[in-house]
Structures are given as C-alpha cells and as structure tokens.
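K.L.:
Next up is a structure, given as structure tokens.
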Amino acid sequence: MQTLIEAGGLHVYYGASHVLRGVDMHIGPGESVGLVGRNGMGKTTLIRSLMGHVKSAQGNVRVRGSDCTHAQPHAIARMGVAYVPEGRGIFPNLNVRENLQVAARPGKRAGQDWTYARVLDTFPRLRERLGHGGQQLSGGEQQMLAIGRALMTNPDLLILDEATEGLAPLIVAEIWRIIRDIRATGMSTLIVDRNYRAVLEHTDRCLVMEKGLIVQDGDSASLARQPEQLTRYLGV
Amino acid sequence: MSDVLLAATAVTRRFGGLTAVNGVSLALQRGQVHAVIGTNGAGKSTLINILSGELAASSGQVTLAGRDITAWPQPERARAGLGRSYQRSTVFPELSVFENCRLAAQASRQRFWHWWRDAASCRLSADLAGDALDRTGLAADAHQPAGLLAHGRKRQLEIAMCLAGEPQVLLLDEPLAGMGPEETDRILDLLQTLKAGHAILLVEHDMDAVFRIAETITVMVNGSAIASGAPAQIRANPEVRTAYLGEDEGAH
C-alpha cells in the first residue's frame, strides 16, 4: 500500500535549537492518525515541515511517493493535503464567502464533495457572517472558517492542529462529529488536540512525540488503556 | 459587596447594525473569579475590550473602584490597575521572554527616565518581570527569544506580561487555550493564589477549568447575558445547557 504522506529522518533547527531530531512517520490512505505530546515537543514543527512551511536540515518528505522535501506549501496543498493551522490563519481582508471560495477545488471522490453549501450547513454560524471580513469574526468563528476552508479543497489528508481551540463545548462536540464523518468517507486525518482522549477516540493510530522524536507509534485504542504511558508522555 | 473593583452597568456596543454586546452588567469583586462563557461570537471578547478600554461602549458605564472610567483610554486604565491578556498571543517575537515582561512592567509604571541610562538597569521593572516569570513557570525560558516558544508557553508569557504590570483587576481572554494539562493545572493554581488580592474576569471554553475555579459565571448568547450566578445554578439552567453546554455536558 502506497503511503499518502511520509517523513524520513527529519531534522529541523530553529537557530541553535534542534527541534526535530530524526522523525520518521507515515500516514496511509484513509488512515486517521493522532499526534500527541507536551507543548514544545515538536508537533507543530513536524506538521509545518510536512507542509513545506519549515525547511528541514536533513531528511525527506514524500507525498504519494514523490519527493516533496523542497516543495512549496501550495504545491503540497494541490497534492491533496489540507492544513488547519494553529492560530487559524484566515485571510483578514477577505470576507467569509471569499475565504471559503478562494479554496474551492473539486474532490476526487464524486458524491462526497465538500461544497460551499455543505460547509455552510455544517457551520450555520458562518452563513450569518458571509459578508463580514475575516478580521471582524470572533475567535471561534475564525476557527470554524479555517476548518471550512480546508474542507473546501476536498483533500485526501486533513491536518488539524488544535482545531477545537477557542470553540464552545457544543461546537467542539460538533467538530468531533464532523471528524468522525470525514473518517467514514475515507479521508485521512492527522490530528493534534489538547484533548488527548478525544484524539485517541477518533484515530486509528497515535504518534507520541517527546523532545523532537516519535517515541511511540501504536494503535490508539491500546494507548488509551495505558495510563502510565499517558502520564509519562503527557503528564496526565 | 463593598469589594467590587470593576463594574459594568448596561454596557452596549454596536458595530453598524450588529449589536455585539447588548446591555450587559457585571461586577468583579476582589477574591473572586468571575467567568464569562458563551457561544462563539457572543461578544465575550468585545466585552473585555470595552472593560479594558480598547473599544468605547456605545452606551452604559464602567467603573473602577467606584470611579467612572467609561471615558478613559486604555493606557490610563492599565496604569490604574486594569490588566488584560489576549486570546491570540501578542508577544514581541524577537525580544527575550524576560524582555517582554520587563517592557510590560515598565509600561505600567510611567516614571521619569534619565535618558542616558539603560532601561535594562531599572531594578523595579526587572524584579517585577522576574517575579512574573517565576509565578507563571517560565523562569527557565527567560532568555529565549519569545518567538521560539511553543504555543502553550507563549500563552503563559501572555499571562506573565499581564502580571508584570501589577494589576488589581485581571481580564483574561481564553488564557488556557492551547495549553496542555500540566500547564492548565499550573495556571489554575496560579489564579487560585492570585484570587486573594485580585478581581479576575475569565473568558474560557474549558468547562472543567471554569467550574473548578469560578465563583460566579455569566453566560452570553448573541450579545446578551442570558444567565448569571453560582456554578451549580448555571450548570442546572436548562437554557444554558441548550445554548452552550450541550445536553450531555451539563452532567459531567
């Protein structure tokens, strides 16, 4: 089985600090993978390296087998990888409608396309804000917009970095429901979220990061049953 | 009730046709954490902006220790003891963690500076900054450039910068967003100790945290406060459960 995305021996430095120290990971088609670990262990840096936002000093990134180590983020996005960044990154000078439509791209699986209408059905709050500029939205509305925008690209892999941050409990529950639906359609996901229980519940496999390394890679259900591991790596 | 430090009375803010905050009243007392929870876009951050002075209220009144500060600009309110943190990190990325805090301490204390003297030699602001870093658990990162901190640590720095100004009233906008369980515990413990000398307004979506620490909770939906009271009262309020907590969440 060809992997959708994989990283081999990734090393990343920020100045003198060695942030990724040789990371190997892969995600298969239709696979849902969680990424957990304390703050500052390199989770976001790994994601940003996969997306081409951060240059690695050593190692490689492959998308569907082709070398994307030096590819630009937009090239990786066009290969079917969508990214909901921590901090949302919505376009402040575009309105809600434009933020969504600028990302629209037909999907590969007919009948399961995320359309403009479906995104608005999923986030009714956005429908009430269509003409508002990105910078006029509340934090939680921006988060919904960032997720909706990623879905508009009908990706094969959806990367969610703290996608539920700043959302009301009802909406958080809704986001997890959507993640469950997305999984059922065969879209792959890579999920970082502070609620590790929800991550374990909604993924097939989970990677644990510590100090720039993947220190555990196993199925999510069994990790959920190992409280001593969770304490060791997550401090819970 | 004499220990009310900050009070808002029927505060309203309109943006064109949109009423973001609609006649909200609340009183922050020393020794209490007052949580404001509510749906996304309910006006929680706008309310904080009105209290901190970043936005003018369209109508209504804000008082600080009994003084009417409705017309005061933000810097004046900050110097009078009103501190706030932001939902998105607002740190200076190139400056060190310590320098970020020292600037915050310096800004809150306007004094005559000898122009030829290095601001770094100011003992008072250095002490305040060091103290704020100790309390928030950032001392080990003091000399790192702030931009290199992981997201959760930046959030801690945001709180440290707020404390460095020695405020009496803390307005915290989602301080726990992006923090892991250990940092969350640390910040909740910190808030617990800060309570004694401060009045704290906490906007937060982490309901475990809110119910653990708040004495009073106000619930906002579409700009209005639909309920306000003790945590047990709020948890049992059917309207709040439908609008915000979700039917199942209320029980846990």
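Read the figures in this text as sums done on the coordinates, not as results from a lab. Just so it is clear, the model here is predicted, and its values are computed rather than measured. Glycine gets a Cβ as well: all are built from the backbone with ideal geometry, and neighbour counts include every protein chain shown.
K.L.:
Count, for each residue of B:156-162, the Cβ atoms from other chains sitting within 10 Å of its Cβ, then give me the mean as a whole number.
P.N.:
Mean partner-chain Cβ count within 10 Å for B:156-162: 0.
K.L.:
List every residue whose amide H lies under 5 Å from the amide H of residue A:159, counting only residues 5 or more places away in sequence or on a different chain, with H placed 1.01 Å from N in the peptide plane.
P.N.:
Amide H neighbours of residue A:159: A:82, A:83, A:84, A:190.
K.L.:
Taking only the C-alpha atoms, wrap a convex hull around the range B:88-166 and report its volume per residue in Å³ as a whole number.
P.N.:
Looking at the range B:88-166, the number lands at 84 Å³ per residue.
K.L.:
I've got another one for you. Going by how many other Cβ atoms sit within 10 Å of their own, how do B:122, B:162 line up, fewest first?
P.N.:
Final ranking by Cβ density, sparse to dense: B:122, B:162.
K.L.:
In peptide A:188-197, how many Cβ atoms from other protein chains are near each Cβ within 10 Å, on average?
P.N.:
Mean number of neighbouring Cβ atoms from other chains: 1.
K.L.:
How many angstrom lie between the Cα centre of the range B:5-61 and the Cα centre of the range A:91-164?
P.N.:
What the calculation gives is 29 Å, centre to centre.
K.L.:
Fewest Cβ neighbours within 10 Å first, please rank B:161, B:179 accordingly.
P.N.:
Listed from fewest to most nearby Cβ atoms, that is B:179, B:161.
K.L.:
Testing the spin-label approximation: label points 7 Å from Cα along Cα→Cβ at residue A:232 and residue A:136. State their distance in nm.
P.N.:
For the pair residue A:232/residue A:136, the computed spacing is 5.3 nm.
K.L.:
Which order do peptides B:142-154, A:91-103 fall in by mean Cβ count within 10 Å, highest first?
P.N.:
Top to bottom by mean Cβ count within 10 Å: B:142-154, A:91-103.
K.L.:
With a/c under 1.5 counting as rounded, go ahead and sort the range A:28-81 into rounded, prolate or oblate using the C-alpha gyration tensor (a ≥ b ≥ c being the square roots of the eigenvalues; past the cut-off, prolate if a/b is larger than b/c, else oblate).
P.N.:
In terms of gyration-tensor shape, oblate.
K.L.:
Another question about this same structure. Per 10 Å bin from zero, what fraction in whole % of the C-alpha pairs of the protein assembly as shown is there, up to the bin with the longest pair?
P.N.:
Answer for the protein assembly as shown: a P(r) of 4, 19, 29, 27, 16, 6, 1, 0 percent.
K.L.:
Please get the size of the charge dipole for the protein assembly as shown, origin at its Cα centre, with Cβ charges of +1 on Lys and Arg and -1 on Asp and Glu, quoted in debye to the nearest 20.
P.N.:
Approximately 860 debye in magnitude.
K.L.:
Ordered by packing density, taken as the mean number of other Cβ atoms within 10 Å over each peptide's residues, highest first, how do B:4-16, B:228-240 rank?
P.N.:
B:4-16, B:228-240
K.L.:
Something else now. Relative to the Cα centre, what is the charge dipole magnitude of the range B:1-131, using +1 at the beta carbon of each Lys and Arg, -1 at the beta carbon of each Asp and Glu, and rounding to the nearest 20 debye?
P.N.:
180 debye
K.L.:
Residues in the range A:12-44, backbone N under 13 Å from the label point at residue A:2 (7 Å along the Cα-to-beta-carbon vector): list them, ranges by number please.
P.N.:
Correct set: A:29.
K.L.:
A follow-up question, please. Along the charge dipole of the range B:88-166, which of B:89, B:130, B:149 sits closest to the positive end, that is, farthest toward it, with unit charges on the beta carbon of Lys, Arg, Asp and Glu (+1, +1, -1, -1)?
P.N.:
Result: B:89.
K.L.:
Among the lysines, which fall within straight-line cross-link reach of residue A:211, defined as a Cα-Cα distance under 28 Å, with same-chain neighbours fewer than 8 residues apart omitted?
P.N.:
Correct list for residue A:211: A:43, A:55, B:154.
K.L.:
Which FRET efficiency value, to the nearest 0.05, is calculated for residue B:56 and residue A:118 with the Förster distance at 45 angstrom and r the Cβ-Cβ distance?
P.N.:
About 0.70, to the nearest 0.05.
K.L.:
To check you understand DSSP bridge types, tell me what percent of the beta bridges within chain A (both residues inside) are antiparallel, rounded to 5.
P.N.:
60 percent
K.L.:
Another question about this same structure. Return a whole-number percent for the relative contact order of chain B, with Cα pairs under 8 Å and 6 or more residues apart as the contact set.
P.N.:
Relative CO of chain B lands at 27 percent.
K.L.:
Here's another thing I want to ask about it. What average number of partner chain Cβ atoms lie no more than 10 Å from the Cβ of the residues making up B:201-214?
P.N.:
Across B:201-214, the average partner-chain Cβ count within 10 Å equals 1.
K.L.:
Measuring from a point 7 Å past the Cα of residue A:219 along Cα-to-C-beta, which residues in the range A:1-22 have an amide N at less than 11 Å?
P.N.:
Label zone hits: none.
K.L.:
Related question: State whether the range A:1-66 is rounded, prolate or oblate according to the following rule on the C-alpha gyration tensor (a ≥ b ≥ c being the square roots of its eigenvalues): a/c under 1.5 gives rounded; otherwise a/b larger than b/c gives prolate, and the remaining case gives oblate.
P.N.:
oblate
K.L.:
Quick one: putting +1 on the C-beta of Lys and Arg, -1 on the C-beta of Asp and Glu, what dipole do you get for chain B around its Cα centre, in Debye to the nearest 20?
P.N.:
Its charge dipole is roughly 800 debye.
K.L.:
Something else about it: Given contacts defined as C-alpha pairs under 8 Å and at least six residues apart, what's the relative contact order of chain A, whole-number percent?
P.N.:
Dividing the mean separation by the residue count of chain A yields 27 percent.
K.L.:
Cα atoms only, the range B:3-159: Rg and Dmax in Å?
P.N.:
Cα only, the range B:3-159: 17.7, 52 Å (Rg, Dmax).
K.L.:
Counting only DSSP beta bridges with both residues in chain B, tell me the antiparallel percent, nearest 5.
P.N.:
Of all bridge pairs located within chain B, approximately 50 percent are antiparallel.
K.L.:
OK, next. Give me the one-decimal nm value for the distance between modelled label points at residue A:184 and residue B:63, 7 Å along each residue's Cα-to-Cβ direction.
P.N.:
5.6 nm
K.L.:
Then there's this: Which listed residue (A:221, A:195, A:102) has the Cα farthest towards the positive end of the charge dipole for the range A:99-236, taking +1 on Lys and Arg C-beta and -1 on Asp and Glu C-beta about the Cα centre?
P.N.:
Farthest along the dipole direction, towards plus: A:102.
K.L.:
Once you order the gyration tensor axes a ≥ b ≥ c over the Cα atoms, which shape class does the range A:164-217 get: rounded for a/c under 1.5, otherwise prolate or oblate by comparing a/b with b/c?
P.N.:
Here the range A:164-217 falls in the oblate category.
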